[in-house]
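Working notes, beginning with the structure itself.
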Amino acid sequence: MQRHEMVCIGAGPAGLSAAIEAAKNGVQVAVYDENDRPGGQLFKQIHKFFGSREHRAMERGFDIGKSLLEEAQSLDVQVILDSVVMGIYENATMNIMVKDHVEEVKAEKVVVATGASENMIPFPGWTLPGVIGAGAAQTMANIHGVRPGKRLLMVGSGNVGVVVSYQMLQAGCEVAVVIDAAPEVGGYGVHASKVARTGVPFYMSHTVKKAHGKDRVEGATIVQVDETWKPVAGTGKSFDVDTICLAVGLNPMSQVLRMANCEMVYVPSLGGNIPAHDLNQETSVPGIYVAGDVSGIEEASSAMIEGNIAGLAIAHSMGYVENDPFHEQRDGFLESMKGLRAGPFGEKRAEGKRMLLEAMKG
Amino acid sequence: MYEGLKKRGYISDEELKSAPGIPSAERRRKGPVAVIECIQCIPCNPCEASCKVNAIIVGDDITNLPHLDEDKCVGCASCIPICPGQAIFVVDDGFEEMRSRVMIPYEFLPLPQEGDVVTALDRSGKEVGDAEVLNVRKKENMDKTAVVTLAVSEQLSMGVRFFKPKK
């Protein structure tokens with residue numbers, strides 16, 4: 001059996017930030033990730049981030065990924081790739097499939113930073129090649145340099161939908177239209193505006209009725225929906241597109257947490273069933289912490305701060321950080337977080353996070 | 001609020017009037033000045049620090065909208081590539097008798113060349129006329145966001161916000 005002081009599941013922005021903060025304070029850390037490269041979604045993010053200038057605003061995601069990896073390396077954080085955590089058992093014992101064999105790993109503290117998976121919506125023709133997730137479109141264009149299609153229809157106007165639409169335009173695709181079943185654009189207006197000014201129309205209160213094509217997508221029909229989400233007869237419109245890109249929300253990947261019996265709370269504004277956690281990011285199971293999208297869908301900036309908090313709290317609980325500096329630093333992180341969760345976009349997430357905190361108090 | 005932005009994806013003229021980052025017509029005629037088309041309270045403040053003459057104020061609460069002090073602003077355009085939302089432009093209505101200058105952030109390749117005539121687009125992507133590319137700035141510290149200066153007819157300076165190459 002291998003032993004680590006701290007194991008982090010997931011090498012995205014949250015996991016790496018947790019690892020860095022803990023290692024900085026003297027904790028020995030191993031990070032496992034199922035992918036063949038670290039960084040989570042950061043290396044697909046070619047746009048400049050929002051936020052406070054103290055917290056990496058206006059840096060591009062892939063540059064942030066590079067600097068997190070360098071920092072982790074300089075602190076001797078072990079990053080082990082191609083590794084799937086299959087199960088988490090009592091006393092933070094884990095079975096991890098590392099490449100072609102299973103290892104038993106025991107940690108004193110675990111940070112679960114597994115991120116999220118994309119939601120899909122079914123419609124006639126949705127299994128045709130050419131219907132893809134927005135994440136796949138980003139992977140193709142921004143990691144592999146492959147254009148996903150010539151002309152695409154984007155379903156979803158949240159930040160993922162509008163950011164990926166813009167990136168597809170940059171990759172040389174034509175974006176025929178951005179649609180959303182909701183009556184209003186869900187993402188930041190400035191992201192939408194970057195897309196709109198290139199000539200892409202936005203159709204709110206519209207959904208996909210059907211994908212056309214025999215062997216692959218050759219077109220799509222969309223239809224207007226009313227306030228009760230029912231299609232309005234006679235409002236169908238067809239588009240010649242070879243790609244239908246779905247950006248219809250994310251769902252926390254919380255399987256290992258449920259397996260470990262962490263208390264889960266249903267919070268729609270955070271993306272579904274979310275592990276209850278306290279201000280230190282610790283779940284109802286002592287020693288298991290969460291950070292990033294798995295603890296509620298937000299964005300990379302808050303994921304990194306949550307990671308910092310979890311890493312710091314672990315270092316403190318293991319005796320590597322004194323009480324006073326711990327409280328001082330944690331309060332600093334919480335204060336920055338407050339800024340990110342303010343305003344019309346952040347308030348609902350802040351409210352969701354309060355529900356999770358309440359659940360911890362019983 | 002947000003009627004245009006939330007429904008169509010771009011800011012309506014009414015919404016623009018309410019934004020605290022829009023300089024007066026009088027100020028625009030005096031020379032280059034920043035036009036900050038930021039109307040949603042999102043947590044973001046890099047523009048404030050990018051301004052060397054303290055003409056942009058966000059304040060401690062980073063969800064505040066950026067306010068423009070139009071008398072302090074010198075139209076240097078440092079804020080344009082800094083804004084992650086590409087929502088800051090510089091407009092100069094004092095450029096020529098009949099033409100204004102509009103500086104816009106641009107993240108597409110190939111970049112236009114000085115002297116090119118391109119098709120000017122408004123916020124909705126509608127073609128509104130021709131524009132001449134006067135200048136293309138692209139420095140290391142702009143982190144891959146170019147700033148393209150267009151000359152457009154004067155009445156279009158508050159309308160043109162993008163362009164496309166002529167076919």
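If you scan region B:8-20, which residues turn out to be within 12 Å of chain A (Cβ to nearest Cβ) and either in a loop (DSSP other than H, G, I, E, B) or surrounded by fewer than 10 Cβ atoms within 10 Å (Cβ to Cβ) (or both)? Listed by number, the residues that qualify are B:9, B:10, B:11, B:12, B:19. One residue alone among B:40, B:86 is buried (at least 24 other Cβ atoms within 10 Å of the Cβ) and either within 26 Å of residue A:46 (Cα to Cα) or within 15 Å of the chain's Cα centre (by Cα) (or both), and that residue is B:86.
The set of residues in region A:254-313 being among the acidic types (Asp, Glu) and under 22 Å from residue A:56 (Cα atoms) consists of A:293, A:298, A:299, A:306.
Identify, from the list A:110, A:102, the residue that is part of a strand (DSSP E or B) and buried (at least 20 other Cβ atoms within 10 Å of the Cβ). It is A:110.
Quick one: in region A:40-59, which of the residues that are within 10 Å of chain B (Cβ to nearest Cβ) and assigned to a helix (DSSP H, G or I) is surrounded by the most Cβ atoms within 10 Å (Cβ to Cβ)? Per the stated criteria, the residue is A:55. When region A:165-182 is filtered for residues that are facing chain B (nearest Cβ under 8 Å) and touching a residue at least 40 places away in the same chain (Cβ under 8 Å), only A:170 remains.
As a summary of the residue check, residue B:49 satisfies the conditions (1) within 14 Å of chain A (Cβ to nearest Cβ); (2) in a loop (DSSP other than H, G, I, E, B) except for the one numbered (2). For residue A:81, state whether it is surrounded by fewer than 21 Cβ atoms within 10 Å (Cβ to Cβ) and under 21 Å from residue A:117 (Cβ atoms). So residue A:81 fits the description; yes. Residues of region A:198-233 that are buried (at least 22 other Cβ atoms within 10 Å of the Cβ) and in a loop (DSSP other than H, G, I, E, B): A:200, A:217. Among the residues of region A:182-197, just one is crowded, with 20+ Cβ neighbours inside 10 Å and touching a strand residue (DSSP E or B) at 6+ places or on another chain (Cβ under 6 Å), namely A:197. The residues of region A:140-159 that are in a loop (DSSP other than H, G, I, E, B) and either touching a residue at least 60 places away in the same chain (Cβ under 8 Å) or touching a Phe, Trp or Tyr at 6+ places or on another chain (Cβ under 8 Å) (or both), listed by number, are A:148, A:149, A:150, A:156, A:157, A:158. Return the residue satisfying two criteria in turn: it lies in region B:99-115 and is in contact with a helix residue (DSSP H, G or I) (Cβ under 7 Å, 6 or more places away or on another chain) and away from chain A (no Cβ under 11 Å), and of such residues it is surrounded by the fewest Cβ atoms within 10 Å (Cβ to Cβ). Ranking the candidates gives B:99 first. Pairs linking a residue in region A:101-127 that is not assigned by TED's automatic domain parsing to the domain that holds residue A:309 to a residue that is part of a loop (DSSP other than H, G, I, E, B) and among the charged types (D, E, K, R), with Cβ atoms under 7 Å and 6 or more positions apart or on different chains, do not occur.
Among the residues of region A:323-362, what is the count of those that are assigned to a helix (DSSP H, G or I), surrounded by fewer than 18 Cβ atoms within 10 Å (Cβ to Cβ) and free of Cβ contacts under 8 Å to residues at least 60 places away in the same chain? Qualifying residue count for the region: 16.
Search region B:116-130 for residues that are more than 11 Å from chain A (Cβ to nearest Cβ) and pair each with any residue that is of a type in the set (S, T, N, Q) and not in a loop (DSSP other than H, G, I, E, B) when their beta-carbon atoms are under 7 Å apart and the residues are at least 6 apart or on different chains. Sorted first by the residue in region B:116-130, then by its partner, the pairs are B:129/B:153; B:130/B:119. Residues that are more than 18 Å from residue B:35 (Cα to Cα), of a type in the set (Gly, Ala, Ser), surrounded by fewer than 23 Cβ atoms within 10 Å (Cβ to Cβ) and more than 13 Å from the chain's Cα centre (by Cα) do occur in region B:127-143. Of the residues making up region B:126-160, those that are more than 19 Å from residue B:108 (Cα to Cα) and outside any strand (DSSP E or B) are B:154, B:155, B:156, B:157, B:158, B:159.
Residue by residue, here is whether (1) in contact (Cβ under 8 Å) with a residue 60 or more places away in the chain; (2) outside the structural domain of residue A:8 (by TED's automatic domain parsing); (3) under 23 Å from residue A:299 (Cβ atoms) holds:
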position	(1), (2), (3)
A:50	yes, no, yes
A:58	no, no, yes
A:67	no, no, yes
A:72	no, no, yes
A:79	yes, no, yes
A:82	no, no, no
A:92	yes, no, no
A:95	no, no, no
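Among the residues making up region A:60-78, those that are over 28 Å from residue A:101 (Cα atoms) and buried (at least 21 other Cβ atoms within 10 Å of the Cβ) are A:61, A:64, A:65, A:68.
Tell me, please, whether a residue that is touching a residue at least 12 places away in the same chain (Cβ under 8 Å), under 22 Å from residue B:9 (Cα atoms) and away from chain A (no Cβ under 11 Å) can be found in region B:69-88.
yes
Taking the conditions exactly as written (outside any helix (DSSP H, G or I) and within 14 Å of another protein chain (Cβ to nearest Cβ)), does residue A:162 satisfy them or not? No. In the set (1) surrounded by fewer than 24 Cβ atoms within 10 Å (Cβ to Cβ); (2) assigned to a loop (DSSP other than H, G, I, E, B); (3) within 10 Å of chain A (Cβ to nearest Cβ), the condition left unmet by residue B:62 is number (1). Taking the criterion of being aliphatic (A, V, I, L, M) and more than 20 Å from residue A:185 (Cα to Cα), the residues of region A:206-231 that qualify are A:211, A:217, A:220.
The values are calculated or read from the model by the stated rules, or taken from the named source; none is laboratory data. All of these numbers come straight from a predicted model, not from anything done at the bench. With ideal geometry, Cβ positions are generated from the backbone for all residues, glycine too; neighbour counts draw on all protein chains shown.
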